[in-house]
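What follows is a set of notes on a single structure, which appears directly below.
The values are calculated or read from the model by the stated rules, or taken from the named source; none is laboratory data. These numbers come from a predicted model, not from an experiment. Using ideal geometry, Cβ is built from the backbone for each residue, glycine included, and neighbour counts are taken over all protein chains shown. Note: areas computed on protein heavy atoms with side chains; ligands, DNA, RNA excluded. Shrake-Rupley method; radii C 1.70, N 1.55, O 1.52, S 1.80 Å.
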Amino acid sequence: MSSSPAPTAQSERADRPTVAVLGTGIMGAAMARNLLGSGLPVRAWNRTRARAEVLVADGAYCAGSPADAVTGADVVLTMLNDGPRVLAAMREASEGLAPGAVWAQSATVGDAATAELADFARQHGLTFVDAPVLGTKQPAEEGQLVVLAAGPQSARGILAPVFDAVGVRTTWVDDDGSTGAASRLKLVLNSWIGALMHATGETLALARGIGVDPQIFLDSVSGGPLDSGYMRVKSAAILSGDYTPSFSVSNALKDTRLIVDAAERSGVQLDVARAGVARFERLERRGLGERDMAATYLASFEDGKELFPGSSGGSDSQDAQDGKSPDR
């Protein structure tokens, strides 16, 4: 009878890499829990320490600093709010980074910031993988995110158990993470999501404004080519007045600005996205930035109040992405 050779330290690291998670807000904490649930060691850090400490009960190590978090880590996963915050955290982590470690940058930061982060990775001998994720709170909690990844073949083996733990599938779009190919794809997808969200909000607002029962609208498109699962989820939130954040107005505004900026640099005019920025800005001015992006419905009314019978306005948001709203 033959026996398999004993696993080497290198193969063990590939199967069970130690993962440093920087940014444990709504998305990062959910991803960390799924990593732990898959048997991967997790070293968690968040600028607001309490948001990393809650992961200790799940088996994570709560790091006191980014440098502490990345010490001994095979994979660094960043899930912070924007490019400047990601870069600041990685700079703080510098003394603990091991040359050759794989950095999976999963926050939505846009293509321009991705190039800057990839340059930092080169300077510190890290293998950079541009890896934003598609999904919000519930998919993150259920390990059902879609990972959009760009990076070298050499990084894919060690990242396989990481991405399998947090996502339902991984789409590799490029062999070079520094090109921002995955981040550009994420902007395209977010553009579509934003357009659907604003269309849903405005359509229900129009129905309310001209005296049409919104349920009749929903019944009229049910099961046909005009129907949409996403539209139905967000319509239910609007009709119940529940704006508990799955993805907040403030974060949606940040992403939409990235979309408009990328389009402008490419000579593309996006009228719908620009209008979306204006709607989200209007909500922020009214103090609704931490409500779910379904609150775009409220931007159609001057007072910003919930106008459907029985609506409650939902609950205040919990801070997410390192004290901010959740990333997609």
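Scanning region 226-272 for residues that are loosely packed, with under 14 Cβ neighbours inside 10 Å and of a type in the set (Asp, Glu) gives ASP227, GLU264, ASP271. Filter region 144-189 for residues that are closer than 17 Å to ALA112 by Cβ and surrounded by fewer than 22 Cβ atoms within 10 Å (Cβ to Cβ) and give the result. Hits for region 144-189 are ASP174, ASP176, SER178, THR179, ALA181, ARG184, LEU185, VAL188. Taken over region 118-135, the criterion of being surrounded by fewer than 24 Cβ atoms within 10 Å (Cβ to Cβ) and at negative phi is satisfied by ALA118, ASP119, PHE120, ALA121, ARG122, GLN123, HIS124, LEU126, THR127, LEU134. Considering (1) surrounded by fewer than 21 Cβ atoms within 10 Å (Cβ to Cβ); (2) touching a Gly at 6+ places or on another chain (Cβ under 9 Å); (3) under 24 Å from ALA32 (Cα atoms); (4) acidic (Asp, Glu), the lone condition that GLU141 does not fulfil carries the number (2).
Scanning region 12-44 for residues that are open to solvent by 10 Å² or more (accessible area, probe 1.4 Å), touching a Leu at 6+ places or on another chain (Cβ under 9 Å) and among the hydroxyl-bearing types (Ser, Thr, Tyr) turns up just one, THR18. Among residues of region 27-51 being of a type in the set (A, V, I, L, M), out of contact with any Asp or Glu (no Cβ under 6 Å at 6 or more places or on another chain) and not in a strand (DSSP E or B), the one that is nearest to ASP15 (Cα to Cα) is LEU40.
Region 122-221 holds helices (runs of 4 or more DSSP H) entirely within its bounds, and those carrying 2 or more residues that are hydrophobic (A, V, I, L, M, F, W, C) map to 153-166, 181-209, 214-221.
Taken as a whole, the condition of being at pLDDT 95 or above and closer than 19 Å to ASP255 by Cβ applies to VAL233. Does TYR297 count as within 21 Å of GLU141 (Cα to Cα) and at pLDDT 95 or above? Criteria not met by TYR297. Being touching a Phe, Trp or Tyr at 6+ places or on another chain (Cβ under 7 Å), in contact (Cβ under 8 Å) with a residue 24 or more places away in the chain and among the aliphatic types (A, V, I, L, M) is a description that does not apply to ALA107. Evaluating LEU87 against the criteria (1) of a type in the set (A, V, I, L, M); (2) assigned to a loop (DSSP other than H, G, I, E, B); (3) touching an Asp or Glu at 6+ places or on another chain (Cβ under 7 Å) leaves one unmet condition, (2).
Matching residues to (1) touching a residue at least 12 places away in the same chain (Cβ under 8 Å); (2) in contact with a strand residue (DSSP E or B) (Cβ under 6 Å, 6 or more places away or on another chain):
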position	(1), (2)
GLU53	no, yes
TYR61	yes, yes
PRO66	yes, yes
ALA69	yes, yes
VAL75	yes, yes
MET79	yes, no
ASP82	yes, no
ALA89	yes, yes
